[in-house]
Amino acid sequence: MNGKYEFEGKIRYSEIDETGCLSLAGLVNYFQDVSTFQSEELGIGVEYLTERHQAWILSSWQIVIDHLPKLCESVKAQTWAYDFQGFYGMRNFVLLGADGKPAARANSIWVLYDTRENRPVRVPEDMAQAYPMLEPLEMEYAPRKIRLPQGGEPREAFAIGRHQLDTNHHVNNGQYIAMAAEYLPAGFKIRQMRAEYKMQARLHDEICPRVYTEENQVTAALCSSQGKPYAVVAFEERRKEQDR
């Protein structure tokens, strides 16, 4: 595997959307799972971090979708780390379809966090050395920060439920993406999704969304009741000439 970690799967009915293809939430789960599997097999997974009062917190996602695999299609999820800088860790992902070609590619930036001190901490040398390092994936890398346009339309507020939490006791990064995707118009085909995470939302926190619509892009700011974003998620629409 040349340093890449991978696992194979088959698109389940529970992972598809109304089009019969892998949902965006399902795609994010494949990427989260493959990185978790790698860390667990290297012995530096959830239990290891919990004992040290640490957690990897996602800072940003950039996912480029070439196509979404269909129900029962065999897929292979791959991931690898490509850099550590201070308290940041950088990781790429690829989901290969049954034809062996990329269905989706991704870049992610993570922060190692001290859960007792509530602050980022430098990645220890032994942890960084535990991950096989490869060159970054060839793709057009977008900035980590997402620009918010002027204006925007406020949407109905809602509270965080238990089903949206993960082992860190705050909202899982994929849940923010699922929340934001609810504001996409019917028939919107995603070419690229970017997410920037700013604060941690916890059980019963109120989410006050604000949605910004531009040509070929919808951006959702998922904010606190004070108007500060927990996460900003931007969706770029696929143009007809980009379809296969």
Residue satisfying all of: in the stretch 62-99; among the hydroxyl-bearing types (S, T, Y) and either out of contact with any Lys or Arg (no Cβ under 9 Å at 6 or more places or on another chain) or buried (at least 16 other Cβ atoms within 10 Å of the Cβ) (or both); nearest to L24 (Cα to Cα) among these: T79
Subset of the stretch 146-158 [at pLDDT 95 or above and outside any strand (DSSP E or B)]: I146, R155, E156, A157
Cβ-Cβ under 8 Å pairs, at least 6 apart or on other chains, the stretch 1-29 side on the phi > 0 side of the Ramachandran plot and touching a residue at least 24 places away in the same chain (Cβ under 8 Å), far side assigned to a strand (DSSP E or B) and open to solvent by 30 Å² or more (accessible area, probe 1.4 Å): G3/M133; G20/K70
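What is the residue count in the stretch 100-117 for residues that are open to solvent by 10 Å² or more (accessible area, probe 1.4 Å) and within 14 Å of the chain's Cα centre (by Cα)?
Pass one, the stretch 100-117, residues open to solvent by 10 Å² or more (accessible area, probe 1.4 Å): 100-102, 105, 107, 109-111, 113-117.
When the remaining residues are screened for being within 14 Å of the chain's Cα centre (by Cα), the result is 105, 107, 109-111.
Number of matching residues: 5.
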Pairs with Cβ under 6 Å, 6+ apart, first in the stretch 108-128 and touching a residue at least 60 places away in the same chain (Cβ under 8 Å), second basic (K, R): S108/R91
Residues of the stretch 121-131 satisfying the condition of being surrounded by 15 or more Cβ atoms within 10 Å (Cβ to Cβ), touching a Phe, Trp or Tyr at 6+ places or on another chain (Cβ under 7 Å) and assigned to a loop (DSSP other than H, G, I, E, B): V121, V123
Residue list for the stretch 190-210, restricted to those being of a type outside the set (D, E) and either open to solvent by 60 Å² or more (accessible area, probe 1.4 Å) or free of Cβ contacts under 8 Å to residues at least 40 places away in the same chain (or both): K198, M199, R202, H204, R210
Residue in the stretch 47-56 that is touching a strand residue (DSSP E or B) at 6+ places or on another chain (Cβ under 7 Å), hydrophobic (A, V, I, L, M, F, W, C), within 30 Å of G187 (Cα to Cα) and open to solvent by 30 Å² or more (accessible area, probe 1.4 Å) present: no
Considering residues of the stretch 1-58 that are touching an Asp or Glu at 6+ places or on another chain (Cβ under 9 Å), more than 23 Å from F84 (Cβ to Cβ) and assigned to a loop (DSSP other than H, G, I, E, B) only, the residue modelled with the lowest pLDDT: S23
Which listed residue, of T167, T213, is touching a Pro at 6+ places or on another chain (Cβ under 9 Å), more than 14 Å from S60 (Cα to Cα) and open to solvent by 20 Å² or more (accessible area, probe 1.4 Å): T213
Of residues in the stretch 91-120 being small (G, A, S) and in a strand (DSSP E or B), the one farthest from T50 (Cα to Cα): A103
Single unsatisfied condition, T79 versus (1) at pLDDT 95 or above; (2) farther than 24 Å from K145 by Cα; (3) β-branched (V, I, T): (2)
Some residue of the stretch 173-184 being outside any strand (DSSP E or B), surrounded by fewer than 14 Cβ atoms within 10 Å (Cβ to Cβ) and not charged (D, E, K, R): no
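The values are calculated or read from the model by the stated rules, or taken from the named source; none is laboratory data. In this text the structure is predicted, and so the values were computed from the model without any measurement. Every residue, glycine among them, receives a Cβ derived from its backbone with ideal geometry; neighbour counts consider all protein chains shown. Heavy atoms of the whole protein, side chains included, go into the accessibility calculation; ligands, DNA and RNA do not. Shrake-Rupley method; radii C 1.70, N 1.55, O 1.52, S 1.80 Å.
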